[in-house]
Amino acid sequence: MLYLIPMNAPHAAGLAALFLATTLVAFVSCRRPTPEGTLVVSDHETRFRITVAGIERDGFLYVPPNPPNSEPLSLMYALHGGNQSGSEFSGMGLNRFANALGFIVAYPNGIGRRWDSANDVAFFVELTKALEGRYAIDPRRVYATGISAGAIVAYE
């Protein structure tokens, strides 16, 4: 199951803002964990969260607004270094390449800003499955890159 909060409807900006504010307040106040393997994407192309192995994980997702063709897209995991976050790593310029070449970039967060969780591999497997269920992703073209501790996890 996937929950989306659309943010790109200019004709309904006021209604969308009210809906988003109401949803955000309800969402934050409830803070129920998502069911296992359920992907939640909000703000169209900014935040996602998924629960894997009983642990809620989140990150930043970038989907190019105009993919170059109708073929399935590649997925690139961009993994931050130690004591960083996915949103901090997103400023490295990969989104420009994603726009030009037509691929999705996922900037997941490690647990506690670290990548030493025994559940990291299961997290990537489940997140990939969930993203494939939401977007047209070619499962043969899933890649990972990273910096520092993120590079070690990308290698794994």
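The values are calculated or read from the model by the stated rules, or taken from the named source; none is laboratory data. Treat the numbers as computed from the prediction; the structure is a model and nothing was measured. Because the Cβ atoms are built from the backbone with ideal geometry, glycine has one as well, and the counts that use them run over all protein chains shown. These area figures cover heavy atoms from the full protein model, side chains too; ligands, DNA and RNA do not enter into them. Shrake-Rupley method; radii C 1.70, N 1.55, O 1.52, S 1.80 Å.
Restricting attention to segment 46-69 and to residues that are small (Gly, Ala, Ser) and in contact (Cβ under 8 Å) with a residue 24 or more places away in the chain, the residue that is surrounded by the most Cβ atoms within 10 Å (Cβ to Cβ) turns out to be Gly59.
Here Phe97 meets each of (1) aromatic (Phe, Trp, Tyr); (2) assigned to a strand (DSSP E or B); (3) open to solvent by 50 Å² or more (accessible area, probe 1.4 Å) with one exception, condition (2). Consider Ser87 against the criteria (1) open to solvent by less than 20 Å² (accessible area, probe 1.4 Å); (2) under 11 Å from the mean Cα position of the chain (by Cα); (3) of a type in the set (Gly, Ala, Ser): it satisfies all of them except one. Which criterion is unmet? All conditions are met except number (1).
Is it fair to say Tyr77 is closer than 18 Å to Leu39 by Cβ and either in contact with a strand residue (DSSP E or B) (Cβ under 8 Å, 6 or more places away or on another chain) or open to solvent by less than 30 Å² (accessible area, probe 1.4 Å) (or both)? Talk me through it step by step, then tell me what you get.
Numbers: closer than 18 Å to Leu39 by Cβ: yes; either in contact with a strand residue (DSSP E or B) (Cβ under 8 Å, 6 or more places away or on another chain) or open to solvent by less than 30 Å² (accessible area, probe 1.4 Å) (or both): yes.
The answer is yes for Tyr77.
In segment 100-142, of all residues being aliphatic (A, V, I, L, M) and outside any helix (DSSP H, G or I), the one that is surrounded by the most Cβ atoms within 10 Å (Cβ to Cβ) corresponds to Val105. Applying a threshold of 9 Å to beta carbon distances and a minimum spacing of six or more residues, or different chains, the list of pairs starting in segment 97-108 at a residue that is under 12 Å from Leu73 (Cβ atoms) and touching a residue at least 40 places away in the same chain (Cβ under 8 Å) and ending at one that is in a strand (DSSP E or B) and polar (S, T, N, Q) reads Ile104/Ser74.
Candidates Leu131, Leu75, Leu79, Leu94: the one that is aliphatic (A, V, I, L, M), at pLDDT 90 or above and more than 25 Å from Thr51 (Cβ to Cβ) is Leu94.
Condition (residue is under 18 Å from Ile50 (Cα atoms) and exposed (fewer than 14 other Cβ atoms within 10 Å of the Cβ)) applied to segment 143-155: is it met by at least one residue? No: segment 143-155 contains no residue that is under 18 Å from Ile50 (Cα atoms) and exposed (fewer than 14 other Cβ atoms within 10 Å of the Cβ).
Can you tell me how many residues within segment 133-156 are among the charged types (D, E, K, R) and either free of Cβ contacts under 8 Å to residues at least 24 places away in the same chain or more than 19 Å from Ser74 (Cβ to Cβ) (or both)? Even if it seems obvious, please write down each step before you answer.
Our first condition is that a residue be among the charged types (D, E, K, R); within segment 133-156, this holds for 134, 138, 140-141, 156.
Next cut, either free of Cβ contacts under 8 Å to residues at least 24 places away in the same chain or more than 19 Å from Ser74 (Cβ to Cβ) (or both) only: 140, 156.
Matching residues across segment 133-156 total 2.
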